[in-house]
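These notes are about the structure you will find just below.
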Amino acid sequence: MMATGWRITLLGLGAGLVLGGCAAKQAPPIQHYALGMSRAEYRDYAGSKASPCDSEPRWFSDELTAVNGLLARFVRETEHAQDLKSPDQPRHLALLEEGLSTLPPVLKVHEGNLRALQTCGFRGTGAFPDLAMRGAEVMQEARERLALGPKIQAAAALREAQKKWRDEASEREAKARGTWCSKDPRVGQPDLYFARQLPDGHTEWFFCDGHVVEKSGEAEPTLLSPEGLSRAERRRVQPKKYLDAARGYPSEEMDRQPTSPPAPSEAGAASATNGVP
């Protein structure tokens, strides 16, 4: 009886060791990830100090398939993020921006899982060879797309700033006029309140009495008088004074279309004061 008892004890101890070993190889928890309309479930084996080689191969295959598919869809659905002529551009840009903030950690885990696959005995079986090859491809494509992200975002921000500049041109001019001109400006007094240079180089200088000096390209500037001036008012106008005032206007105060995207701290600021002296 005593020998039998010892055998039972030893068997129980052996079973405990086996169970303990299984517990040590327990699979990491499933991670749920969503990007746009795509969903994927995967496990972070390296982060949990576990090996996918100890997992159920079918499960591991499903996880790799899911992430490969998500990455392929991300690449496909951000293809037109910088194509302004594409009707899909806003949606593709939005997905790219979402990927920039959430996708890098998933890529890191997926890379580690694909690397660990090469140490598994089942790496050459079933769909694993294709999954490994496809995984390397879509990871490279996704990383290249993410690398373009900041440039695409900056270009989009610049286009928005330029549109805002065009849309608010009249508002900026009116604000400058209200700041620098009297309520009843005297004709013949060359008080310059605003100057604008268009993207094609055409430049305009605006005066409180309604006169405008224009210059296109390399041509000499010319003075344009407002309609309805009386004969006495026209006699008071001395073109040289207006032209000299235009030439002396500080270049740095010229209202020009933005050529670089606004800084993050300035992105939401109104551009109504751009170029206003």
Being within 19 Å of Asp44 (Cβ to Cβ), at pLDDT 95 or above and loosely packed, with under 15 Cβ neighbours inside 10 Å, is that true of even one residue in region 118-129?
yes
In region 211-229, what residues are surrounded by 15 or more Cβ atoms within 10 Å (Cβ to Cβ) and either out of contact with any His (no Cβ under 7 Å at 6 or more places or on another chain) or part of a strand (DSSP E or B) (or both)?
His211, Val212, Val213, Lys215, Pro221, Leu223, Leu229
Residue pairs qualifying under the 7 Å Cβ cut-off, at least six apart or on distinct chains, with the first in region 78-91 being touching a residue at least 12 places away in the same chain (Cβ under 8 Å) and the second being exposed (fewer than 15 other Cβ atoms within 10 Å of the Cβ), are His80/Ser86; His80/Asp88
Scope region 80-103; condition over 12 Å from the mean Cα position of the chain (by Cα), under 20 Å from Ala34 (Cβ atoms) and aliphatic (A, V, I, L, M); matching residues:
Leu103
Inspect all residues belonging to region 36-56 and state whether any of them is in a helix (DSSP H, G or I), of a type outside the set (Asp, Glu) and at pLDDT 90 or above.
yes
For region 242-272, how many residues meet the condition of being modelled with pLDDT under 95, open to solvent by 80 Å² or more (accessible area, probe 1.4 Å) and in contact with a Lys or Arg (Cβ under 8 Å, 6 or more places away or on another chain)?
0
Selection count where residues are open to solvent by less than 40 Å² (accessible area, probe 1.4 Å), among the β-branched types (Val, Ile, Thr) and part of a helix (DSSP H, G or I), scope region 159-204:
0
Scan region 230-241 residue by residue and report those that are open to solvent by less than 90 Å² (accessible area, probe 1.4 Å) and assigned to a loop (DSSP other than H, G, I, E, B).
Ser230, Val237
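The values are calculated or read from the model by the stated rules, or taken from the named source; none is laboratory data. All values derive from a computational prediction rather than experimental measurement. Cβ coordinates were reconstructed from backbone atoms using ideal geometry, including for glycine residues, and neighbour counts include every protein chain displayed. When the accessible area is computed, the model is the full protein with side chains, heavy atoms only, and any ligands, DNA or RNA have been set aside. Shrake-Rupley method; radii C 1.70, N 1.55, O 1.52, S 1.80 Å.
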